[in-house]
Every structure is written in C-alpha cells, then in structure tokens.
Amino acid sequence: MKLKILMLLAGLVGGMANAVAADGELSIGTEGAYPPWSMSDASGNVTGFDADVGALLCTKLAVKCHFVVQAFDGLIPALKAKRFDVIISGMSITADRKKEINFSVGYAELANMFVAAKGSDLAGITDVDALLKALDGKKVGVQAGTTHAHFLEKRVPNADLKTYDTLDQMQIDLASSRLDTAFADQSALQDFLDKPDGKNFQLVGVEIKSTFDPTLGEGIGVGIAQDNTELKAKIDKALCELIADGSIGKASQKWFKTDISRPCN
C-alpha cells in the first residue's frame, strides 16, 4: 500500500495536534528508513508495516492519512512541536518516552537480536548472559535514539557503541567490517541478511524480548501528545478492534511472514 507523503510546515499544523484534524486528515510522523516497518522512496511514497497500520487506523477513524518523514531521533521532538498528529514508526513504548509523550496500546512486538559474521566468536553463542559478557570491548552498531541503544548503554557499558542515524548507515559499516556486531529487531537484521552484503553474516542465536529488560519497552505503540487524551482513546479503541479482527496480524504476515500483533490487555 503506497501513501503519498505530505510535507507539512510546523507553523501550518501547530493547531492540529489536539484532536483528529477537523478537516478529516491525520498527519503521521514516521522514519521512512527502517524496513520493513516503514520505507520511503524518491517519489515520495511510504510503504511498510507501519504504513499499512496507519492506513488501517485511518480507515477505522474515517480520516485521510498523510505521512511526514522524519529522522527517528527527531520524531518525539517533532510531535511535541505539533509538526504532526501521531507517530507510527516501530516505536517501542518505554518509561523514558512516556515522560515526554503518551502512547496507544501496544499493537506489535518482535524479538531483538544481534547479527555477526559467520565463524566469528559471537556467532555461535546461544546464552544471553554469555553474549552480553562477550560484547565487552566489541564494536557494536545500533540506531541512535532506540531502545537497542539504551539497552546496551545499560547492560554492556564497556562495549564500543557506535550509533547511526539510519539502518542503512549501520549496515554499510557492518558489511565493511567496521563493526563486530549490530543490535536491532529481528526483522531489520533479516533485511540486511537478505541483501548481497549480508551473505557472510548470520543472526546470533539469542532472542532478547522486551520482558528481559524494561529498557526494551512494552511493545510497539502509536505516539500521541500527552494532552491529547481524546485522540488516544479513539486510537486505542480502533487498534484493539483491528487486532481482534485480525487486520494487523494480516498486515504483519505480509511484511514479517509471521503474526507480530500484540493482543490488547
């Protein structure tokens, strides 16, 4: 499903973030560079799982969707500045983020994993504690501003952490042997492995779920301004209906080949 990006100036949308826009439009901030969650192309199209979730949500709310592409670590500041109404961008719900913005119910969850060169000393590790210990002194790539970065800062403070604005930048350094490993959600790493540059790499056999450490969050949610309780209530209701009827599960099967939808509690 392709959705045209509407590039909105902050001054024009400043008054739109306290409810679904009066003219029946919902502006959605997304990274556009985190496959298969959200991708944007040179023609201004946004695709991916979160694009489909946004389209399903807007249909349920009877509004039109417009996506605004923004670097991931700038999404929360941009939402607080009212440059768009919500964030749908594979964003994990965490305690730190909830200090700045509100979140919908979680609608998806996927395991976090490491990727390393085949035959490396990391590749064969299958125990999480052994893996974290082995990361001391290693060059580890993560995307800036993510739960993956916060997790490693907390759990492996002696790792040589390298942060990147986009996954593509991280993957270039990984393929060029400038990193020993990289940490991201399983789908993002599989995207790298499916490329020619990833042929000599493999997933490390350790899945780290959000229940392992609170820095990894409470599932993926829609980011909403803290004062916009009306919109949160509408989005929560719509998401729970879309999860219950299988729509979000179907979308995740399309992009991840598995159902990553997260049941409403």
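The values are calculated or read from the model by the stated rules, or taken from the named source; none is laboratory data. Note that the coordinates shown come from a computational prediction; the quantities given were computed from them, not determined experimentally. All Cβ positions, even for glycine, are placed from backbone atoms using ideal geometry, and neighbour counts span all protein chains on display. Just so you know, the surface numbers come from the protein's heavy atoms only, side chains and all, with ligands and any DNA or RNA stripped out. Shrake-Rupley method; radii C 1.70, N 1.55, O 1.52, S 1.80 Å.
Round to the nearest 10 and give me the degree value, 0 to 90, for the angle of helix 229-244's Cα axis relative to the longest principal axis of the chain. The two axes meet at around 60 degrees. Ranking THR30, ALA149, GLN202 by Cα position along the charge dipole of the chain, where only Lys, Arg, Asp and Glu carry charges on their C-beta atoms, puts THR30 farthest toward the positive end.
Taking a straight Cα-Cα cut-off under 21 Å and skipping sequence neighbours fewer than 8 places away in the same chain, the lysines within cross-link reach of LYS98 are LYS80, LYS82, LYS154, LYS209, LYS232, LYS234, LYS237. Per-residue packing, averaged as other Cβ atoms within 10 Å, sorts the ranges 100-113, 41-54 into the order 100-113, 41-54, beginning with the highest. Of the accessible area of the chain, computed with a 1.4 Å probe over protein heavy atoms only, carbon and sulfur atoms account for 51 percent. When Rg and the Kirkwood Rh are both derived from Cα coordinates, the Rg/Rh ratio for segment 167-265 amounts to 1.06.
Within segment 112-216, the percentage of alpha carbon pairs spaced more than 25 angstrom apart rounds to 8%.
Surface analysis of segment 22-123 yields an accessible area of 33 Å² per residue, using protein heavy atoms and a 1.4 Å probe. When peptides 134-142, 70-78, 225-233, 25-33 are sorted by average Cβ neighbour count within 10 Å, with the highest value leading, the order is 25-33, 134-142, 70-78, 225-233. Under the convention that each Lys and Arg Cβ holds +1 and each Asp and Glu Cβ holds -1, the size of the dipole of the chain around its Cα centre is about 280 debye. For the chain, modelled as a GNM whose springs connect Cα atoms under 10 angstrom apart, the maximal fluctuation among ILE172, ILE93, ILE235 occurs at ILE172. Rounded to the nearest 0.05, what FRET efficiency do GLN169 and LYS64 give with R0 = 30 Å and r taken as the Cβ-Cβ distance? Could you check? For GLN169 and LYS64, the calculated efficiency is 0.35. For segment 226-265, what are the per-bin percents of Cα-Cα distances with bins 5 Å wide, up to the bin holding the maximum? Distribution as computed: 6, 26, 23, 18, 14, 9, 4, 0 percent. Report note on the peptides 83-92, 190-199: ranked by the mean count of other C-beta atoms within 10 Å, highest first, their order is 83-92, 190-199. Any idea how far the Cα center of segment 43-68 sits from the one of segment 122-139, in Å? One Cα centre to the other: 39 Å. Considering all different alpha carbon pairs of the chain, the Kirkwood hydrodynamic radius works out to 18.8 Å.
Please give the net charge around ILE208, taking every other residue with its beta carbon less than 13 angstrom from that of ILE208, where Lys and Arg add +1 and Asp and Glu add -1.
-3
Other residues whose C-beta falls under 9 angstrom from the C-beta of PHE103 contribute a net charge of +2, scoring Lys and Arg +1 and Asp and Glu -1.
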